[in-house]
Amino acid sequence: GYLWGPGETRGRDIAAAVNIARGTPSRHDIRAARGPKPRGPRWIGGWVFLLALLAGGLGTTATWEDRTLAASVQTGLACALVVFGLGIAVSAFVGRTGAGSIFLALVTAGLLACAAALPSNITTDWARTEWTPGKAADVATRYELGTGVGTLDLTRVDLTKGQTLSTSVEVGAGKVKVVVPSDVTVRLDVQVGFGDIQLPGESKEDVDVAPDKSDRLTLPPAEGSGSGGTITLDLEVGLGQAEVARAAA
């Protein structure tokens, strides 16, 4: 030990020398003898999340062009859920995952259940389509559109009094608009899964979006336009707006 300095320092040095003479290891020697602590299993939660994100993106991209929106989203979420399940299973033997991976797996399962509830006719491509039949014989019994805006223009269809014409339009997501002549009676049956219904005479700003909207009514001819035939319309929209408008007299 030192021959000078604080008294407590000399005391510690003397005690250390005495311990060495007795063969008692110092604290430093005890810590060195214990060695480094063994490392625990590595966290793999981050890798599981990245692989699930990649699998979900690949699953959705691979089915985006040739399947409906619901099927494509379900495929991607199912792939991600499989990766989460495998990651949690592997963590029982190699590495470990935290509660975050389990929470993300539950969120993915919930999103998968919501995707299964989407209308099956919603496509992944947005289209703007117009149907303009020139006469009653050209009107199809049914028009369909997956996603987009579909306009059925019946203004050139001339129906005499007592003549009846029936047609239907179905849109998965978007808007369907039917323009009818001013002198016809319209028997309307419209159903919207989630959205709005617009009828002749209503303001464009009067939008009331709500789930499970439906209406069944008869629209008389416009005033002063005479009396023509009858058009029966069956409109169905999964998500969006259904509109019926009168042509200018």
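Considering every residue within segment 109-123, establish whether at least one is closer than 29 Å to Gly150 by Cβ, in a strand (DSSP E or B) and touching a strand residue (DSSP E or B) at 6+ places or on another chain (Cβ under 8 Å). Within segment 109-123, none of the residues are closer than 29 Å to Gly150 by Cβ, in a strand (DSSP E or B) and touching a strand residue (DSSP E or B) at 6+ places or on another chain (Cβ under 8 Å).
Do you know which residues across segment 126-145 are out of contact with any Phe, Trp or Tyr (no Cβ under 9 Å at 6 or more places or on another chain) and either part of a loop (DSSP other than H, G, I, E, B) or closer than 13 Å to Gly172 by Cβ (or both)? Step through it out loud before you land on a result.
Looking only at segment 126-145, we keep the residues that are out of contact with any Phe, Trp or Tyr (no Cβ under 9 Å at 6 or more places or on another chain), and these are 126-128, 130, 132-138, 141-142, 144-145.
Trp126, Ala127, Thr132, Pro133, Gly134, Lys135, Thr141, Glu144, Leu145, listed by residue number.
Working only within segment 44-90, note down all residues that are aliphatic (A, V, I, L, M), under 28 Å from Gly148 (Cβ atoms), touching a helix residue (DSSP H, G or I) at 6+ places or on another chain (Cβ under 7 Å) and modelled with pLDDT under 90. Ala70 - this is the single residue of segment 44-90 that is aliphatic (A, V, I, L, M), under 28 Å from Gly148 (Cβ atoms), touching a helix residue (DSSP H, G or I) at 6+ places or on another chain (Cβ under 7 Å) and modelled with pLDDT under 90.
Can you tell me which residue is surrounded by the fewest Cβ atoms within 10 Å (Cβ to Cβ) among those in segment 193-249 that are charged (D, E, K, R) and touching a residue at least 60 places away in the same chain (Cβ under 8 Å)? Ranking the qualifying residues of segment 193-249, first place goes to Asp234. Kindly indicate whether Val139 is modelled with pLDDT of 85 or more and not assigned by TED's automatic domain parsing to the domain that holds Ala62. Here the answer is yes, as Val139 does meet what is asked.
If you go through segment 80-95 and keep only what is surrounded by fewer than 20 Cβ atoms within 10 Å (Cβ to Cβ), of a type outside the set (Val, Ile, Thr) and in a helix (DSSP H, G or I), you end up with Gly85, Leu86, Ala89. For segment 99-111, the condition of being more than 30 Å from Ala248 (Cα to Cα), in contact (Cβ under 8 Å) with a residue 60 or more places away in the chain and not assigned by TED's automatic domain parsing to the domain that holds Leu239 holds for none of the residues.
Okay, residues lined up against (1) charged (D, E, K, R); (2) closer than 20 Å to Leu217 by Cα:
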site: Asn121; (1), (2): no, no
site: Asp125; (1), (2): yes, no
site: Thr129; (1), (2): no, no
site: Val139; (1), (2): no, no
site: Gly148; (1), (2): no, no
site: Leu152; (1), (2): no, yes
site: Arg156; (1), (2): yes, no
site: Thr167; (1), (2): no, yes
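For segment 67-79, name all the residues that are outside any helix (DSSP H, G or I) and crowded, with 21+ Cβ neighbours inside 10 Å. Selection gives nothing.
The values are calculated or read from the model by the stated rules, or taken from the named source; none is laboratory data. All figures in this text were calculated on a predicted structure; none of them were measured in a lab. Don't worry about glycine lacking a Cβ; one is built from the backbone with ideal geometry, like all the others, and counts go over all protein chains shown.
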